[in-house]
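Please treat every number below as a calculation from the coordinates, not as lab data. Bear in mind that the values here come from a model prediction, so they are computed numbers and not experimental data. We place every Cβ from the backbone using ideal geometry, glycine too, and count neighbours over all the protein chains shown.
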Amino acid sequence: MSDASPQASPDTAVRTTGLHKTYPGPNGGVKAVQGIDLEVAAGEFFGLLGPNGAGKSTTIGMLTTLVVPTGGRASVVGFDVVKDPVQVKRRIGMVSQNNTLDNDLNAFENLEFRGRYFGLSARDARRRAEELLEAFGLAERRTGTPFEMSGGQAKRLMICRALVHRPEVLFLDEPTAGLDPQTRVNLWEVLRGLQADGQTIVLTTHYMEEAEALCDRVAVVDHGRVLASGTVPELKGSAGADTVITVTYDEDVPDGVAKLREREDIGRVEVSGRQVRVFTRTPDGVLGELVAAGAAAGVGVSDAAQLRPSLETVFLTLTGRDYRE
Amino acid sequence: MTATTQAAAAAGAAPAARPTLARTFWAMMAREVRVLRKSAISSFARVIVQPVLFVFVFAYVLPKVGSAGAMFGGGGGRGPSFSTILVPGLVGSSIVTQGIMAVIFPLVMELTWQRSITDRALAPLPVPLLGVQKIVAAALQAFLAGLLVFPAVLFIHASGQGPSIHIHNWPLLVLVMVVGSLLSAAGGLLLGTVMNPQKMQMLFALILLPMSMLGCVYYPWAAMDHVRWLQIVTLLNPMVYVNEGLRAALTPQIEHMPFWAYGSVLVLGTAALAWAGTRTFTKRVLT
């Protein structure tokens, strides 16, 4: 079988244009992805960040050919995911959210056969499996089945499996979901090592800190749309530059809060029932003013929080709602 | 373990992968053989117990206790021995049931819990071809199941009750066994992708049991001349054609369907079920 010619720049690892996915169902179905445009450069560590149900996994599913788009286009290393799925699969590695290891095979065989699926000879595949098990600290588990492994071990084995054939793009769908903090940090080290070696990585996560710690660039996704994308400093410097101060009163927000809107150093003031949210780049003293406004009106404060600029404030700024809602 | 060593292992020393569709397909077949080898004892027991018990009771115990059931067509030595009737029937039923189960049971796990089918769906193979691979792998198991049953049905019998087997046409025997294995595996793929996994226990009650009881395992199709409606209804049962084909190959002296009848159904049925099965399989794998 001859390789089709890639259709995009060799520097572009992933490109999507107006990507849509609607799952069939009543009332027009479920619109999981609604026009996502992305471009990931070769060698880049790119993150898709969003809450559960944002459309991240569906997007990764389309890029790895397992989910069929209902609109738009997507290509990986220049190959269209719909027209050339086999060419795409030859060039990618995928670590799913779930444990999709072959339960009928042990750890070594999982890697051995993955290598053989991708055209390695039996001898090369076995050598490659030994090499990866050793490098990822799984040599002692080589004869263990996936059922006998901890969550962290299984995830590391899945990463090994995805790397057996040296993929050009590695997709990781919520790789640290459900792992304990120590295992998560260990896995971050693994991913940083891969990135340092030039591996292109596309990662989905709903952990803000994970995206901040690992990714060169991040696309913030919600309701199947990209809300903003860029480097973490870029995002913080634009949409999320403000500190967000949230105060919840015992009763409706007092009228005195409204005068904050007139100040030039206050970006935005959002009032919703008993809660007020103030976006500002000069937060000093604002919380005190909000408490004082309540006291002047005889209204107590039941809760107060101040969020420094972060991806969480980016999300708050872009959507007007808490990230984990 | 350090990030550096991991990165080196991930990218540096790996031999070049040269995937082709054929290499990937055969690697998957090698995986099936490895799994089969690991579960050889349980697979062997699953395949062999039912036919062994059957011939033991009908070809050994019943003749010993003087039951008329030992002879087909009236006993007294006028008809073929029941053990002769059973040889193609039990070989055929083993092929069909094993072919169906060899696809369905792993597939139910792969398509539901954790969707482990993803492991192979990401291999560089078109998804419909992955479905074909599942058919071929299950057909291999079905073929082996048929072979395993032969010694039992040939050698377990009471004195004087041995089956009368005359294989004049070996290619026909091989053809029927191979196509019968593919037919049942293709049917298994279709069933496994259209049935609700939570109701898979119904497979035995509503499909495998009626298929076996009315699949001309214990009597030739021609013997149902006197129950014409049933004879016609059983034409819907694919096992009938496998057993009649094996009857033609193994016991040609016993009346059986003509080649054009069982042969065309086996070949066309395999093609139709494989087409439908790979379509439904693809729909289940790709969302």
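Normalising the average separation of contacting C-alpha pairs (under 8 angstrom, six or more residues apart) by the number of residues puts the relative contact order of region B:117-242 at 24 percent.
Charge tally around B:Gly215: other residues with Cβ under 14 Å, Lys/Arg +1 each, Asp/Glu -1 each, net 0. Residues considered: A:Val77, A:Val218, A:Val299. Largest GNM mean-square fluctuation over chain A, using C-alpha springs under 10 Å, is found at A:Val299. Within the shell of other residues whose beta carbon sits under 13 angstrom from the beta carbon of A:Ala177, the net charge comes to -1, with Lys and Arg scored +1 and Asp and Glu -1. Sorting B:Thr287, A:Thr16 from the fewest to the most surrounding beta carbons within 10 angstrom yields B:Thr287, A:Thr16.
Once backbone amide H atoms are built at 1.01 Å from N, A:Thr12 has A:Ala42 as its partners under 5 Å, excluding neighbours fewer than 5 places away on the same chain. Amide H to amide H distances under 5 Å link A:Met94 with A:Phe171, where only residues 5 or more positions off or on other chains count and H is placed in the peptide plane.
A Gaussian network model of chain B, with springs between Cα atoms under 10 Å, assigns the largest mean-square fluctuation among B:Val33, B:Val136, B:Val179 to B:Val33.
Across all C-alpha atoms in the protein assembly as shown, the radius of gyration and Dmax reach 32.0, 112 Å. Convex hull volume of the Cα atoms in region B:243-287, per residue, in Å³? About 61 Å³ per residue, rounded to a whole number.
Neighbouring Cβ atoms from other chains, within 10 Å of the Cβ of residues in A:105-114, number 3 on average. Peptide B:48-59 shows a mean partner chain C-beta count of 0 within 10 Å per residue C-beta.
Neighbour counts of other Cβ atoms within 10 Å put A:Arg192, A:Arg15 in the fewest-to-most order A:Arg192, A:Arg15. The order of A:Tyr249, B:Tyr218, A:Tyr23, going from fewest to most other C-beta atoms within 10 Å of their C-beta, is A:Tyr23, B:Tyr218, A:Tyr249. Projected onto their three principal axes, the Cα atoms of region B:154-211 cover extents of 47, 30, 14 Å, largest first.
Taking a Cβ cut-off of under 14 Å around B:Met257, the surrounding Lys, Arg, Asp and Glu residues balance to a net charge of -2, with basic ones at +1 and acidic ones at -1.
Of the residues B:Leu246, B:Leu273, B:Leu129, the one that moves most in a GNM of chain B with alpha-carbon contacts below 10 Å is B:Leu129.
Set against the 2.2 N^0.38 Å expectation for a compact globular protein, region A:242-308 has a Cα radius of gyration ratio of 0.97. Placing dummy labels 7 Å off each Cα toward the beta-carbon, the span from B:Phe44 to A:Thr282 is 8.6 nm.
Rounded to the nearest 10 degrees, the inclination of helix A:181-196 to the longest alpha-carbon principal axis of chain A is 60 degrees. Compared with the dominant Cα axis of chain A, that is its longest principal axis, helix A:107-117 is turned about 70°. Using the Kirkwood radius over C-alpha pairs as Rh, can you work out the diffusion coefficient of chain B via Stokes-Einstein at 37 °C, viscosity 0.692 mPa s, in µm² per second? Answer from the Stokes-Einstein relation: 160 µm²/s. The mean number of Cβ atoms from other chains found within 10 Å of a Cβ in peptide B:253-259 is 0, as a whole number.
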